[in-house]
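The next block holds one structure in the form of structure tokens; read it before the comments.
Since every read-out is calculated from the coordinates, none of them should be taken as a lab result. None of the values given here were measured: they were computed from a predicted structure. Cβ: placed from backbone, ideal geometry, glycine included. Neighbour counts: every protein chain shown.
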Amino acid sequence: MRETVMKMRNKIWGLLSLLVVTGCSTTPHQTTRAQVDENYINQVEAAAKKNSLSPRIYWVNPPLKKEPAEQ
């Protein structure tokens, strides 16, 4: 009985480790890199400064521009 449980446990661990390795190998290759779009940020902030009634701008998630990744 104990041997059967040990064999089953070893098979389950083997299957789990195989699934983890397979899951990690299917992550997509990154083809672009995102950088903060400073030009857009400056445009928005300049427009906000022109209007005295505009609210303050806090960039929680700044806009990003995507560039092709170096290979």
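Here's how it looks for D37: its modeled amide H is under 5 Å from those of L64, K65, which are all 5 or more places away or on a different chain.
For the peptides 9-16, 52-59, the ranking by packing is 9-16, 52-59, with the highest mean count of neighbouring Cβ atoms within 10 Å listed first.
Measuring from label point to label point, each 7 Å out along Cα→Cβ, what is the S54 to I41 span in nm? Computed distance between label sites S54 and I41 equals 1.6 nm.
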